[in-house]
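Asker: Input: one structure, supplied below.
The values are calculated or read from the model by the stated rules, or taken from the named source; none is laboratory data. Everything numeric in this text was worked out from a predicted model, so none of it was measured. Keep in mind that these areas ignore ligands, DNA and RNA; they rest on the heavy atoms of the full protein, side chains included. Shrake-Rupley method; radii C 1.70, N 1.55, O 1.52, S 1.80 Å.
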Amino acid sequence: MEMVIKKPDILEIFSKEGISLQQRGRYLWALCPFHSEKTPSFCVNPEKQSFKCYGCGKYGDAIDFVQHYKSLSFKDTLVYLGISSNGQTKTNPPETRRRELIEKFKEWCCNYTKYLCERLRVCNQIDSLVKTSDDLEIKGLSEMYLLRDVYQYHLSILNNREDETKFKLYEEVCYGNRNRENRI
Ligand SMILES: [Zn+2]
């Protein structure tokens, strides 16, 4: 059974890899990324979706280009381009998914830090209202005070610790609570 691959657009690939092309007639030209040169002999034919270098002789299609340019195996090239083995372009290749998770985690760190700072600011304001421990009970603030230590602890993790520890906290705060609710 022959595998049919949906090839990515060759011009998109060049722009993604940061290779600037100059249009001259029907073709586009660039300084060859595979050999050193001062005048462009790397020619791209957008109609045929192919490239050929008149200097070093390299030629091929978008997939060949990425394979050589990134020094990847054919299989890894397909993964890099987000093409699965059945020829479909995956909507969510693993690398994209990983990047999304990291982005989400970073965003959480930022938001949670803000949240903790705000909570601690409120705790400090309460300080001025509370004179005795009875006041805490009366004003219903004891829980906030207990949490204050937790807030401070979490904030110190976010400010000082390595990503791995932060990530554990992220899981605990975001998913640990949910598990606890499920158990009840
Ligand atoms: Zn060349």
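Asker: If the chain between residue 20 and residue 172 were fully stretched, how many nm would it gain, using 0.36 nm times the residue separation less the Cα-Cα distance?
Answerer: The residue 20-residue 172 span can extend by a further 50.1 nm.
Asker: At 0.36 nm per residue, minus the direct Cα-Cα distance, what do residue 37 and residue 126 gain on full extension? Give it in nm, one decimal, please.
Answerer: Stretched out fully, the residue 37 to residue 126 stretch lengthens by 25.0 nm.
Asker: Relative to the present Cα-Cα distance, how much length would full extension add between residue 106 and residue 80 at 0.36 nm per residue of separation?
Answerer: 7.0 nm
Asker: Quantify, in whole percent, the carbon and sulfur part of the accessible surface of the stretch 1-58 (1.4 Å probe; protein heavy atoms only).
Answerer: 52 percent
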